[in-house]
1. Once you've got the Cα coordinates, tell me which of Lys81/Lys129; Lys112/Lys138; Lys54/Lys112; Lys54/Lys81 are over 26 Å apart.
2. Would you please give the residues with an amide H less than 5 Å from that of Val156, counting only those at least 5 places away or on a separate chain, with H modeled from the backbone geometry?
3. Whole-Hz Karplus ³J(HN,Hα) for the range 66-83, in order, using 6.51 cos²θ - 1.76 cosθ + 1.60 and θ = phi - 60°, x for Gly and Pro?
4. Go through the range 55-134 and name the trypsin sites (Lys or Arg not before Pro) that are in a DSSP coil and have 16 or fewer other Cβ atoms within 10 Å of their Cβ.
5. Between beta-carbons, use under 12 Å as the cut-off and find the net charge around Leu126, counting Lys and Arg +1, Asp and Glu -1.
6. Would you work out which of Val89, Cys74, Val189 lies farthest towards the positive end of the dipole of the range 7-190, given +1 charges on the beta-carbon of Lys and Arg and -1 on that of Asp and Glu, about the Cα centre?
7. So what's the range 7-190 giving for Cα Rg divided by 2.2 N^0.38 Å, two decimals?
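Readers should treat all values here as calculations from the given coordinates under stated rules, not as data from a laboratory. Small disclaimer: the values here were computed from a predicted structure and weren't measured. Positions of Cβ are backbone-derived with ideal geometry, glycine not excepted, and every protein chain shown enters the neighbour counts.
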Amino acid sequence: MQKTTYKEDQGDSFGTWTDPVSRFMYVESTARIIERITVPKTVADYGGANGLLKAFIPHAISIDIDPSKSPDICDNILTHKGQYELVVVRYVLHYLTDRQVIDLFANMASNKVGQVLVIQFVNNDLRSKYRCSQNEAKYFRTKQQTQALLPPCSEVYTANYDVTPEFYANRLGIHVEVGHCETLEAYLVHLQ
């Protein structure tokens, strides 16, 4: 397998920043979302990086293509074979093209995954998001664009927040003059 490391994601330290936006995105909102669903016995965290979801679902298996994050399983989530009652896809869709998002859900359906919890930020002001997210090759989307890519689902959580320059300094090591508004969405997709 080809070693893939995303330098902007900082390996094992990914998501552990202490600024208010990071705390909201990686800790506070996740706790609120998990409280709103039933957590089954078999859970996979697709694109799970360094296993941060285990703070909320200790038995979740992290699956990530980047070995620098020390996932439980180092594999490509687009082709991973595994049957899980729940797959969590948290802050992953912006790494994927539209076609890859569609292929991801098709792969999960073919593996008889039960439900998928999608946790993703969306942006109505894509110009500001791209301006602030320098040095990244990502696919940011509006709420409508994101929903159009998902199989039938129900929204379980939504929250607006301001992304600050401090977040970008921690996340990408860059200086931006002003932040922007963003929305965090969580959807429960029933594949079976």
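1. On the way: Lys81/Lys129 33 Å; Lys112/Lys138 29 Å; Lys54/Lys112 23 Å; Lys54/Lys81 21 Å.
From Lys81/Lys129; Lys112/Lys138; Lys54/Lys112; Lys54/Lys81, over 26 Å: Lys81/Lys129; Lys112/Lys138.
2. Ala186, Tyr187, Leu188
3. 9, x, 5, 9, 6, x, 4, 10, 8, 7, 7, 5, 6, 10, 4, 9, x, 9
4. Working: sites: Lys69, Lys81, Arg90, Arg99, Lys112, Arg127, Lys129, Arg131; in loops: Lys81, Lys112.
The qualifying sites are Lys81, Lys112.
5. Working: positive: Arg127, Lys129, Arg131, Lys138, Arg141, Lys143; negative: Asp125, Glu182.
After counting each charged neighbour, the total is +4.
6. So the residue we want is Val189.
7. Values: Rg = 15.5 Å, N = 184, 2.2 N^0.38 = 16.0 Å.
The value comes to 0.97.
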